[in-house]
1. Among residues belonging to region 123-134 that are more than 16 Å from the chain's Cα centre (by Cα) and open to solvent by 50 Å² or more (accessible area, probe 1.4 Å), point out the one that is modelled with the lowest pLDDT.
2. Restricting to region 103-113, give me the number of residues that are within 23 Å of the chain's Cα centre (by Cα) and surrounded by 18 or more Cβ atoms within 10 Å (Cβ to Cβ).
3. State whether the residues of region 72-93 include one that is open to solvent by 20 Å² or more (accessible area, probe 1.4 Å), part of a strand (DSSP E or B), closer than 19 Å to residue 169 by Cβ and in contact (Cβ under 8 Å) with a residue 24 or more places away in the chain.
Amino acid sequence: MGLSGGQYGLPVPLLLLLTCLQRGTALEHISYVPQLSNRSLAGTLTQSTFTLEQPRGQFSHRSISDSDAIWLVVAHSNATQNFSAPQRVEDIPVPEDFTRRGFYLTLMANRLLYPGNQPGNQLRVLRVGNDTSCSPTKRGCNHPLPGPGPYRVKFLVMSDKGPVAETEWSNETHLQRAERLQAAPGPQSTGTVVIIAILSVLLAVLLTALLALLIYTCYDIRGSTPISGPEQSVCVRRYDTHHMISPPAVGGS
């Protein structure tokens with residue numbers, strides 16, 4: 001009766017299809033924007049990691065249960081437009097898929113780890129890309145980021161039946177770049193050339209003086225009388241004085 005054409009005048013199969021699509025894509029929206037840590041921490045931004053504030057108290061919605069997994073989605077900034085939430089746990093991309101798909105999921109948690117009543121003096125941060133020991137083929141691996149970015153992140157809540165809720169995307173995050181030592185461009189100035197020439201002459205004079213001193217020392221040692229050391233025996237010639245000569249023995253016993 002009510003399903004013959006519906007109040008929209010659509011066929012029943014098309015109505016059912018639209019209903020299924022709406023249920024599969026209707027994620028609850030959480031008006032939270034992930035933020036970089038504003039604390040004075042060493043290494044908040046490095047060449048392969050960055051540090052986020054924990055989303056404390058952001059997942060208290062009724063549609064989210066304590067057993068639902070809260071994932072951090074890490075994406076290239078230009079890949080956020082094409083992001084689609086995985087419908088099954090088996091479809092969650094790993095860091096190895098980052099180059100091909102432009103995003104992956106990491107740092108799985110639950111809302112019990114992000115309570116809103118934590119003391120303000122406790123340090124609660126998430127360091128993205130901090131695990132160098134896990135394999136990039138492993139689901140949830142917090143592998144170091146492959147380049148300077150820019151990156152954007154958001155939190156995605158998933159149950160066993162699929163995605164449940166998601167936050168806003170963060171602003172762009174640029175990692176540090178490795179600095180390269182470069183020679184001064186252009187030809188050397190006249191003053192620099194003169195200084196280099198003077199230092200070269202002084203170095204040559206110094207080496208010549210050291211060589212002359214070495215030669216003089218060698219000739220001086222060869223012309224001097226050797227002095228015996230402690231390990232050498234010294235032969236001393238015996239001298240007899242006249243008043244010390246004993247008279248020849250007379251007779252004999």
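1. Out of the qualifying residues, it is 123.
2. 5
3. yes
The values are calculated or read from the model by the stated rules, or taken from the named source; none is laboratory data. Here the structure is a predicted model, which is why all the values come from computation and not from measurement. Cβ sites come from the backbone with ideal geometry, for glycine too, and all protein chains shown count toward neighbours. Please note that ligands, DNA and RNA were not included when accessible areas were found on the heavy atoms of the full protein model with its side chains. Shrake-Rupley method; radii C 1.70, N 1.55, O 1.52, S 1.80 Å.
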